[in-house]
Amino acid sequence: MFKVNLHLLEGCNFHCRTCFAHFDSKRLLSVEEWKHIIDNLYKSGQVNAVNFAGGEPFLYPHLGELVEYAHSLNLKVSIITNGSLVTKAWLDKYAHCVDMIGFSIDSFNRNISITMGRCSHNKQTFGIDEFLNIYPYLLEHNIKIKINTVVNKFNYKEQFSHNLVGLKIDRWKVLKVKEFNNGKFNNHDLLITMEQFNEFVKANPYKNRIVEDSLVNSYFVIDANGNLLDNSPEAYGTVGSLLTEKFNDVFSRFNFDRALYESRYTKTELHAA
Ligand code: SF4
């Protein structure tokens, strides 16, 4: 069974230079259109989990309704967010539908975050203080906590993991920045060598850490237009629309790396020191 990432929108209150949420979406899909897509996934018999992503999913006005809907179909629900818009009030209302929240945190250093664009227009960042403000409510509601960190030219020398010591973080996923170029946007100035990536990995041990260096076609991206994307650098584009076609028909045309997908969802630790 698969977990599928639903990128509800490409808009975000942060403007990270590592961001690959550039889907060329013309409009927001309605809540009914997203429910149709969730139904489509559920009825395929191949999907048991959805991950709401963006852009920043907490900017989608009906995130709570979608979370409730997916949960009502017994799909496992997770959310990946920059953290800045997660509130106690939202958690009190919808946490019972959510299995895990992943926080996308590339740096706990405010200056580095700002250099990477991981901040709002008024330079609001999401650092350790902001994370610790919301952390007790995540524990109170029994939500699993994941942190994703993309290692790049600006943060590969950072001492990061000591901030997590003593916290109940279920998974800290560390990724090497992936080359991105869709013709309009590229991130070539952020790329690092394998040696630089390993320098970060060595300096930042953590018990629940997972290290990955490739995500190409080993996960399902439904973009803000409702299309399944091929996310390999040489063929970045649409495989098909889940608004107009059945998931299984679109999936049959997807150049999917099943072995890599399965290894991602079974491994717990690769490089912990
Ligand atoms: S917080 Fe996430 S979605 Fe927003 S700009 Fe950064 S990487 Fe993109």
- Task: Name the residue, out of Ser84, Ser25, that is farther than 19 Å from Ile147 by Cβ, under 19 Å from the mean Cα position of the chain (by Cα) and in a loop (DSSP other than H, G, I, E, B).
- Result: Ser25
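Condition check: in a loop (DSSP other than H, G, I, E, B) and either away from the ligand (no atom under 15 Å from the Cβ) or not aromatic (Phe, Trp, Tyr) (or both). Does Gly11 satisfy that?
Numbers: in a loop (DSSP other than H, G, I, E, B): yes; either away from the ligand (no atom under 15 Å from the Cβ) or not aromatic (Phe, Trp, Tyr) (or both): yes.
So Gly11 passes the test.
Okay, residues lined up against (1) touching a residue at least 12 places away in the same chain (Cβ under 8 Å); (2) open to solvent by less than 40 Å² (accessible area, probe 1.4 Å); (3) part of a loop (DSSP other than H, G, I, E, B):
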position: Lys93; (1), (2), (3): yes, no, no
position: Gly102; (1), (2), (3): yes, yes, no
position: Asn122; (1), (2), (3): no, no, yes
position: Thr125; (1), (2), (3): yes, yes, yes
position: Phe131; (1), (2), (3): yes, yes, no
position: Pro136; (1), (2), (3): no, no, no
position: Leu139; (1), (2), (3): yes, no, no
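Residue by residue through region 141-162, note down the ones that are more than 16 Å from the ligand (Cβ to nearest atom) and either assigned to a loop (DSSP other than H, G, I, E, B) or among the polar types (S, T, N, Q) (or both). Lay out the reasoning, then the answer.
Of region 141-162, the ones more than 16 Å from the ligand (Cβ to nearest atom) are 141-145, 156-162.
Across region 141-162, the qualifying residues are His141, Asn142, Ile143, Tyr156, Lys157, Glu158, Gln159, Phe160, Ser161.
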- Message: If Glu179 satisfies all but one of (1) in contact (Cβ under 8 Å) with a residue 60 or more places away in the chain; (2) in a loop (DSSP other than H, G, I, E, B), what's the number of the condition it fails?
- Response: (1)
- Qualifying positions in region 182-211 - open to solvent by 60 Å² or more (accessible area, probe 1.4 Å), not in a helix (DSSP H, G or I) and not polar (S, T, N, Q): Gly183, Lys184, Lys207
- Check on Leu29, at pLDDT 90 or above, under 14 Å from Leu242 (Cα atoms), surrounded by 15 or more Cβ atoms within 10 Å (Cβ to Cβ) and away from the ligand (no atom under 15 Å from the Cβ): yes
- Query: Only one of (1) open to solvent by 20 Å² or more (accessible area, probe 1.4 Å); (2) away from the ligand (no atom under 15 Å from the Cβ) fails for Ile114. Which number is that?
  - Reply: (2)
- Cross-chain or 6+ apart pairs with Cβ under 6 Å, region 60-84 first and away from the ligand (no atom under 16 Å from the Cβ), then not hydrophobic (A, V, I, L, M, F, W, C): Gly64/Tyr94; Val67/Tyr94; Tyr69/Lys35; Leu73/Tyr42; Lys76/Asp99; Val77/His71; Val77/Asp99
- Scan of region 32-59 for residues that are more than 15 Å from the ligand (Cβ to nearest atom) and over 27 Å from Phe256 (Cβ atoms), ordered by number: Glu32
- Item | Residues of region 106-127 classified as in contact with a helix residue (DSSP H, G or I) (Cβ under 7 Å, 6 or more places away or on another chain), hydrophobic (A, V, I, L, M, F, W, C) and closer than 15 Å to Leu85 by Cα, total | 1
- Message: Where the second residue is assigned to a helix (DSSP H, G or I) and the first is among the hydrophobic types (A, V, I, L, M, F, W, C) and lies in region 20-48, which pairs have Cβ atoms under 6 Å and are six or more apart or on separate chains?
- Response: Val31/Glu65; Trp34/Leu66; Ile38/Ala70; Leu41/Phe247; Val47/Leu41
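The values are calculated or read from the model by the stated rules, or taken from the named source; none is laboratory data. Since this is a predicted model, take the numbers as computed values, not measurements. Every residue, glycine among them, receives a Cβ derived from its backbone with ideal geometry; neighbour counts consider all protein chains shown. Accessible surface is based on the protein model in full, side chains and every heavy atom, while ligands, DNA and RNA are left aside. Shrake-Rupley method; radii C 1.70, N 1.55, O 1.52, S 1.80 Å.
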